[in-house]
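Nothing in this text is a laboratory measurement; each read-out follows from the coordinates by a stated rule. Since this is a predicted model, take the numbers as computed values, not measurements. Heads up, the Cβs are rebuilt from the backbone with ideal geometry, glycines too, and the neighbour counts pull from every protein chain shown.
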2 protein chains.
Amino acid sequence: MRKLLFILLLLSTSAGLRAEDGHQLWLRKQQAVPVKVVSSATNSPVVAMAKQELQQGWRGKAGASVSLTLKKDKAIKYDGFRLIPNGVQATTEAGLLYGVFEMLRRQQTGQAVSEGLLNPSYEHRLLNHWDNPDGSVERGYAGQSIFWRKDNALVTTAEDKTRWQQYARANASVGINGAVINNVNASQLILTPEYLVRVKAIADAFRPYGVKVYLAVKFTSPALLGGLKTSDPLDPAVAAWWQSKTKEIYKLVPDFGGFLVKASSEGQPGPQDYGRTHADGANMLADAVKPYGGMVMWRAFVYSPNDKDRAKQAYNEFVPLDGKFRDNVIIQVKNGPVDFQPREPFSPLFGALKKTSVMPEFQITQEYLGHAIDLVFLSTMWEECLQSDTYQAGTGSTVARCTDGSVYPQKHTAMAGVSNVGLDTNWTGHDFAQANWYAFGRLAWNNSLKSAQIADEWLKLTFYGATAPQSAAPKYAADWNTNFLAPVKQMMLDSRETAVNYSMPLGLHHIMSATRGHYGPGPWWAPPKMRADWTPPYYHQADSTGVGFNRTRTGSNAVSQYHEPLASQLNDPQTCPDEYLLWFHHLPWDFRMKSGHTLWEELGYHYDKGVQQVRQFQKVWDKAQPYVDAERFAVVQYKLRSQSGNAVQWKDACLLYFQQFSHMPLPAAIEPPASNLDAIIANDMRPRRQEN
Amino acid sequence: MRKLLFILLLLSTSAGLRAEDGHQLWLRKQQAVPVKVVSSATNSPVVAMAKQELQQGWRGKAGASVSLTLKKDKAIKYDGFRLIPNGVQATTEAGLLYGVFEMLRRQQTGQAVSEGLLNPSYEHRLLNHWDNPDGSVERGYAGQSIFWRKDNALVTTAEDKTRWQQYARANASVGINGAVINNVNASQLILTPEYLVRVKAIADAFRPYGVKVYLAVKFTSPALLGGLKTSDPLDPAVAAWWQSKTKEIYKLVPDFGGFLVKASSEGQPGPQDYGRTHADGANMLADAVKPYGGMVMWRAFVYSPNDKDRAKQAYNEFVPLDGKFRDNVIIQVKNGPVDFQPREPFSPLFGALKKTSVMPEFQITQEYLGHAIDLVFLSTMWEECLQSDTYQAGTGSTVARCTDGSVYPQKHTAMAGVSNVGLDTNWTGHDFAQANWYAFGRLAWNNSLKSAQIADEWLKLTFYGATAPQSAAPKYAADWNTNFLAPVKQMMLDSRETAVNYSMPLGLHHIMSATRGHYGPGPWWAPPKMRADWTPPYYHQADSTGVGFNRTRTGSNAVSQYHEPLASQLNDPQTCPDEYLLWFHHLPWDFRMKSGHTLWEELGYHYDKGVQQVRQFQKVWDKAQPYVDAERFAVVQYKLRSQSGNAVQWKDACLLYFQQFSHMPLPAAIEPPASNLDAIIANDMRPRRQEN
């Protein structure tokens, strides 16, 4: 942040106008065109918002009349809607609001506002905020929490309310209808009356935008807060405590969404502490919220240092419990079996839990993908996961279809994204990280949407006309499409593969720096006595015989958790896709790749390509300057430079580190290292202040 | 050094054989071929050495008979020699030794040992050691002093003697015949009886190789050591003290060479402290050594913060004194008017002092050229200076000819080089820095030698056969020439221009880091209250109107210190060579260069080219691996990587720094920055341990 402030200071002294600071996100003020709004709905807060948005953002025919109609319609699912001639029709007030945002988005991005039915893929589309009561944000790179703060923690100011409304509006504009407003590593504090007052204030601010509040809860809250001797889920007093607490919450927040629980994982307490199962724990909480229509989201992110392969554990723990959960419990499963790595195969739990509701969890905040420094558009990664075929119910059983109710009759469907929002003016630290918030919402609404379309929409909404009136001559639009939209969109679409190339190509994973908060390379990190499954060597398994984690039938047999024909395909290095090769295989350095290169060469080419790609991004952005306001241009340019150095460091560090095992020269065609391994390691280990 | 030890440790655990550690320099052991030596000279130590070298290194006809003949010969100058059929003829014993080394060098580098007269260009060919009594070496990057040490400072060990002999032998092999064995920022300690005992021991070790000892003296020694009230050179008691001290020295060291003095410069005391001139000071000392045939080398490196242009001061101070010095005083002038920068025009004192002996001083240690990290062959830089035409006595009055007695009737001629030698096993820190020691000696012997020949010789002597018996099949020789010699020689010859490109192109100078001992970029460095002429902005003068130091007739008029037609050529930016453009001119950022580019673009292209060139060096070296022993290969590869990062940092730092003034985009064709200016500055300013 110091760096950012520095450059902003430079700008503010030199430039002057600061019309575009990113705070408006993809909802930048439009030139008003008059519109008449007619509604059959009572003028509830949600409908009022729908009208207001129409009046603020209408870009259709001047003086047109637009109807907002609430009407029974069996074809409309959840809070979906129909676009009808000159209006929106829905079965819920939120549906009307979403319909309005859809119309406006189409107008603003130059698409036809044609008639049609638009249903959301998931009933619940949620952000998870890893925000702590002290205002810090775990894995947050955009400043402190927008919900909590250290001092005067519980006084709700006018500024708070405005910010919460802006936040809820942004969510509503992309269809997000829920937010877990505290960290999954939860403090029991959140359930104290003092904090619940603030929870109510937040819920009140969200409500007009159709966004529900959820809370992450600490499983031992009954003992910690209620003074009980145990938090055993099968203890009636414990259940009673939760029922009472739930009642207290619903009194304050009648549309409270429910609980999110991280239990028996990474030091968090859970039912296993009392000899109970995940199902016992989840069901007890589910019973508490059931009378109010609430939900329990129970995270499957569990692992212990006992097992030989961390990637297998969630499956092993949860599959035996399939069918044992209440119908208002939904198992929240990270996209991959380890932990939000730049590339993972999909979690084998998707499709494998057939009698239990399952929801995908994505990470919007870039814990392993460059924090708020590197430009990485995550939509392609999520699209890749959603479109992965699990084969669990025949060909075409994609992760998307296994979680949205198409394949299994789930009572509830949902998708969660770990938020990247903080107090920074532009909300997300990196201007382009806004696109990940946007993309998450769009994919949660429509899980078959293409990333290219999402990027296209977001760029038009976020940057069009930043340096010229939006009503400028057609020449501007044409130039903008050619010189800005096309190259910048391509950069976004390439950016995740680029990050994979320069950090963890070919299925490598979890080899990041431990000392720098998971930013930059750290394949060497393995202090004495550290539990192995927290150290990179556990994951890359590099030695003189080769590199990669043997998860085949001769190894940990994690492949067996996948359905055929996928299991066999992954099991054979000749058929396993290059992208997942070292995830599933420990292969000799001279293994012959499909490209004809050795594995060692291929690694080198991937790392080098990543570096060259970031440099290309820098050039793309430099050329985009005429179309971007000075402030956002300079900040993104600044961050791309840092990313460029980061990419070089990844490449040098990993290739030189692995070379100690391969004993092979670097491919002659790649750029030679610009530093030495010992210097990189010394710098990685150097004490430093945290800078985010 | 820590880094180097780390990699050597790695090597020693993996490799095994350490046949080539660089300690033998260019004098690696040869396969013995029998030879008979016949000599008319008495078997003095020097002649004994000549014989021994012949017997150790003979590669001519087995059983040949070689004569070493002392004979009067007016064509032989100083300690020159004739190569005659099957022998060497000289007028001095040292001449015989040099003749032997010449024969052996020719044999070992595949040149014909044809007859001929070989005279040295300079009578005195000296190394200056900036070694302090505590064993530290100012601007030394190859470990502690080989002459002095902190503990047991004055006990001379067998190891000391061996090292001094090896050192003297290396000097003799390239014709160096003198060494100033302590720092020009001299401690009075050197003249105490205790230290003089050690000086004698060193002189004794040198003598068989024809190398004389000289001392740098502190001008105020009479007051500091002798208890006098003054050190005024015109005070008879002061002169008497020096006479007495000189006598004491010559009693211990009968062939003592004389004194080197840095006076009235950078805080060192001098005659000006007593209202006397440089001539007064130098002459007084000259009178003291005169009876013994000694010399005084008086440095012209003087400047004060008072003048508007530091580059002009030495000329201004010394030219009025021309003709006022004793004939055994020689003014020692750095190659350029400022201070050993990567590129400077020659000092205008060369040729301008017409009635005073003048000697060039070069810096072998790489203070401003990458320490012992960056590979920079300095021979081309010195060649450039020596061949520069001063026009002071008509066309062809090169610096070489103005200092070697060809143009002016100097009583004494000399050349000095600031040594890069220390206790490191390979003597010079970087294996390729040995080449700079070698080249200095060769150029001091023959100031019209070409750098290509010097590099050719040095590479053959230093690397040939490192991974194969030297008597290997002709195929090895051919391969070696093509695959090693040609590309590595080209790398050496390109290396200085490369360093200029990535650090200070187009006449930029003195913009290095102050905080990191002159390694890396620091154009921003200008703490409050720091004297301006020690800060980079004084030298680059960058502002919104342009960059460069206006030394034209409208500026400091330093150009007037050069002789016509050079003065006018330099004065006009259209005729001033690009290499010196910003040395003499402050030009607008959009100034049109001869290339057609703007000055700003040209700067960008030069910095970028420097980076690309270092990367090319890395590739050249990687390809050379089959011809280099494991140890030297790995260390040089390691250092090239550091140099590569250094080059990138120079490029990014300088371009981003200057961009603050130019307000122009970087040329699209160059590699975009991999870091940001504020991060680079913060890193530069970060407290760190000194690592050399």
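Plainly put, the tip 7 Å out from Cα toward Cβ on A:Lys308 is 8.2 nm from that tip on each other copy, the closest given first.
Separation of segment B:104-128 and segment B:580-648, taken as the distance between their Cα centroids, equals 33 angstrom.
Placing unit charges on the Cβ atoms only, positive for Lys and Arg and negative for Asp and Glu, gives segment B:124-449 a dipole magnitude near 760 debye about its Cα centre.
Can you pull a Stokes-Einstein diffusion coefficient for the protein assembly as shown at 4 °C (1.567 mPa s), Rh from Kirkwood over Cα pairs, as a whole number of µm²/s? D = 36 µm²/s.
How many percent of DSSP beta bridges within the protein assembly as shown run antiparallel, rounded to 5? For the protein assembly as shown, the DSSP antiparallel bridge percentage is about 25. When the trypsin sites (Lys or Arg not before Pro) in segment B:258-324 are filtered for DSSP coil states and for at most 15 other beta-carbon atoms within 10 Å of their beta-carbon, the remaining sites are B:Lys308. By DSSP, the beta bridges lying fully in segment A:124-463 are antiparallel in about 10 percent of cases.
Relative to the other identical copies, B:Trp534 shows label-point distances of 4.8 nm, where the label point lies 7 Å from Cα along the Cβ direction and values run shortest first.
With Cα atoms defining each centre, segment B:315-329 and segment B:427-457 are spaced 31 Å apart in the structure. Under the membrane-span-like helix rule (DSSP H runs whose alpha carbons stretch at least 15 Å along the helix axis, mean Kyte-Doolittle hydropathy -0.5 or higher), chain B yields B:2-14, B:45-57, B:93-108, B:193-206, B:236-252, B:278-289, B:434-445, B:451-463, B:486-503, B:630-662.
Comparing Cα centroids, segment A:207-274 and segment B:200-260 end up 89 angstrom apart. Beta bridges assigned by DSSP with both partners in segment A:31-119 are antiparallel in approximately 45 percent of cases. Remark: label point of B:Ser65 defined 7 Å out from Cα along the Cα-Cβ vector; separations to the same position in other copies 12.9 nm, ascending.
Every Cα-Cα pair of segment A:451-542 was included, and the share exceeding 19 Å stands at 58 percent.
A dipole drawn for segment A:236-292 from +1 and -1 charges on Cβ atoms has a positive end, and of A:Pro269, A:Phe259, A:Trp241 the residue lying farthest that way is A:Trp241.
For B:Ser40, the shell of other residues with beta-carbons less than 13 Å away shows a net charge of +2, using +1 for Lys and Arg and -1 for Asp and Glu.
Pairs of lysines in segment A:31-119 whose Cα atoms sit within less than 18 Å of one another amount to 4, provided the residues are eight or more positions apart or on different chains. Each of B:Ser39, B:Ala75, A:Leu599 was placed along the dipole of the protein assembly as shown (beta-carbon charges, centred on the mean Cα), and the one lying farthest toward the positive end is B:Ser39. Computed over all pairs of different Cα atoms, the Kirkwood value for the hydrodynamic radius of segment A:124-463 is 20.0 Å. Per residue, chain B reaches -11500 deg cm²/dmol at 222 nm when only DSSP H runs of four or more residues are counted, each adding -39500 (n - 2.57). For the residue pairs A:Lys200/A:Lys251; A:Lys334/A:Lys639; B:Lys218/B:Lys262; B:Lys290/B:Lys411; B:Lys251/B:Lys290; B:Lys334/B:Lys460, the C-alpha atoms sit more than 19 angstrom apart in A:Lys334/A:Lys639; B:Lys334/B:Lys460. Once the Cβ-Cβ distance between B:Met685 and A:Asn683 is put in as r, and R0 is 25 Å, what FRET efficiency do you end up with, to the nearest 0.05? Efficiency computed from Cβ-Cβ geometry: 0.95. Could you work out how much longer the chain between B:Gln574 and B:Thr156 gets when fully extended? Use 0.36 nm per residue separation minus the Cα distance between them, nm to one decimal. Stretched fully, the B:Gln574-B:Thr156 segment lengthens by 144.5 nm.
In chain A, Rg over Rh equals 0.96, where Rg is the alpha-carbon radius of gyration and Rh the Kirkwood radius from pairwise Cα distances.
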